[in-house]
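Below is one structure, written out as structure tokens, with a few remarks after it.
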Amino acid sequence: MAKPIHLRSHPFHTCRGRVYAGKMNWYKVGLNDLIVVIFHETIDVSQPVSIYWQFTGKDHENNIYDCNIHGIEQTKDGYRLKISQKDHWYDFVAEMDLVSMSLQMFNPKRETADPWKLNMVWMGTQT
């Protein structure tokens, strides 16, 4: 397992706000559905993240998941972020570089689907 890090001197930390978007599949309720991940501030531990999606198989149920980054580890290809919120149904792990991410969702039983590919679609101002 990689050592946890903070990204204060990394390009992730020099930009306020990023938006990633892609398609997700979640068993029979989410098939090729849009998912959007918003990093409101810099990408670092304790910073806020919002994840939005809509399941087509559940009467178009909207899901808004406001959470925080709880851990960051450096990998050989980029970074792994642990994103969760106490009392919420899902946890997420994001493998990312500066322009894309692979996002994986886990339910409380730790069941998961294949990771989804998301691309950065907006980047905020430099700090």
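The values are calculated or read from the model by the stated rules, or taken from the named source; none is laboratory data. Since the structure is predicted, the reported quantities are computational estimates derived from the model, not experimental observations. Note: ideal-geometry Cβ built from the backbone for every residue, glycine included; neighbour counts use all protein chains shown. Side chains included, ligands, DNA and RNA excluded: accessible areas come from the protein's heavy atoms. Shrake-Rupley method; radii C 1.70, N 1.55, O 1.52, S 1.80 Å.
Among the residues making up segment 1-25, those that are modelled with pLDDT under 85 and open to solvent by less than 80 Å² (accessible area, probe 1.4 Å) are A2, I5, L7, H10, P11, F12, H13, T14, C15. Close Cβ contacts (under 8 Å, 6 or more residues apart or on different chains) running from residues in segment 52-63 that are β-branched (V, I, T) to residues that are at pLDDT 80 or above and surrounded by 14 or more Cβ atoms within 10 Å (Cβ to Cβ) comprise T56/G30; T56/D33.
If I filter segment 82-112 down to residues being over 17 Å from Y52 (Cα atoms) and among the aliphatic types (A, V, I, L, M), which single residue comes out as nearest to the chain's Cα centre (by Cα)? Step by step, filter segment 82-112, then rank; the result is M96. Confirm whether Y65 is over 15 Å from I43 (Cα atoms) and within 16 Å of the chain's Cα centre (by Cα). It is true that Y65 is over 15 Å from I43 (Cα atoms) and within 16 Å of the chain's Cα centre (by Cα). When the residues of segment 39-78 are narrowed to those that are touching a Cys at 6+ places or on another chain (Cβ under 8 Å) and hydroxyl-bearing (S, T, Y), which ends up modelled with the lowest pLDDT? Looking at residues that are touching a Cys at 6+ places or on another chain (Cβ under 8 Å) and hydroxyl-bearing (S, T, Y), I get T42. Listed by first and then second residue, the pairs with beta-carbon distance under 8 Å, at least 6 apart or on different chains, first residue in segment 106-120 and under 10 Å from W26 (Cβ atoms) and in contact (Cβ under 8 Å) with a residue 40 or more places away in the chain, second among the hydroxyl-bearing types (S, T, Y) and surrounded by 15 or more Cβ atoms within 10 Å (Cβ to Cβ), are W116/S102. The set of residues in segment 31-42 that are in contact (Cβ under 8 Å) with a residue 40 or more places away in the chain and over 15 Å from N119 (Cβ atoms) contains only T42. Residue-level check: of (1) among the hydrophobic types (A, V, I, L, M, F, W, C); (2) at pLDDT below 85; (3) touching a Cys at 6+ places or on another chain (Cβ under 7 Å), I83 misses just (2).
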